[in-house]
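Since the structure comes first, as structure tokens, the remarks are kept for the end.
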Amino acid sequence: MLIAPQNTSAENHDNMEGQKQLHHFDESLMPNQSNIPSQFIWPDHEKPCLTPPELRIPPIDLKAFLSGDPQAVSAICAEANEACKKHGFFLVVNHGVDRKLIAQAHKLIDDFFCMQLSQKQKAQRKIGEHCGYANSFIGRFSSKLPWKETLSFHYSADKSRKTVEDYFLNVMGEDFKQFG
């Protein structure tokens, strides 16, 4: 359920124009909710269609890239560039990351997003920061709210630093160290 201002009249809306309002999604209230809050209902022309087109996720194969061959590196970079321009995303294959590690990461992130809102909010993103938990990007959407949650944190390739582990430990506490 979206917790929003009680008075949503047009007059009140005009008075609140330009002010940031925080809306939080509290999933524990959903069983009692008979209507979808208007802040989540998108105009028909912006809704996804019932029969979406087939999504072809472009694979970017890092096997040749990791070989160090300059031509292969250049070709893979061009493929990634094209995928970003055309699709906005791609699937990285043959990256060398252990499947068990990926499965564990997916399990832990699922565990995080299945927690009660009060638990997730321990990692609430602070105003002006780019890391933490957020359940919408209100500033990006002028009229309707997205149905999503995000968790962002810094990463460092420096193996001597435990940036992600330290983030979860410092923000969420000892019980969340394994998330790092």
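The values are calculated or read from the model by the stated rules, or taken from the named source; none is laboratory data. A quick note: this is a predicted structure, and the numbers were derived from the prediction, not measured. Counting neighbours? That spans all protein chains shown, and the Cβs are built from the backbone with ideal geometry, glycine included.
Checking PHE153 against (1) over 18 Å from ALA105 (Cα atoms); (2) surrounded by 10 or more Cβ atoms within 10 Å (Cβ to Cβ); (3) modelled with pLDDT under 85, which test does it fail? Result: PHE153 passes all but (1). Looking only at the range 81-114, which residues are closer than 18 Å to LEU151 by Cα and of a type outside the set (A, V, I, L, M, F, W, C)? Listed by number, the residues that qualify are GLN104, HIS106, LYS107, ASP110, ASP111.
Checked against (1) in a helix (DSSP H, G or I); (2) modelled with pLDDT under 85; (3) more than 29 Å from LYS47 (Cα to Cα), ALA105 passes all but a single condition, namely (2).
Scanning the range 60-89 for residues that are in contact (Cβ under 8 Å) with a residue 24 or more places away in the chain, under 21 Å from the mean Cα position of the chain (by Cα) and more than 30 Å from PHE176 (Cβ to Cβ) returns ALA83, LYS86, HIS87.
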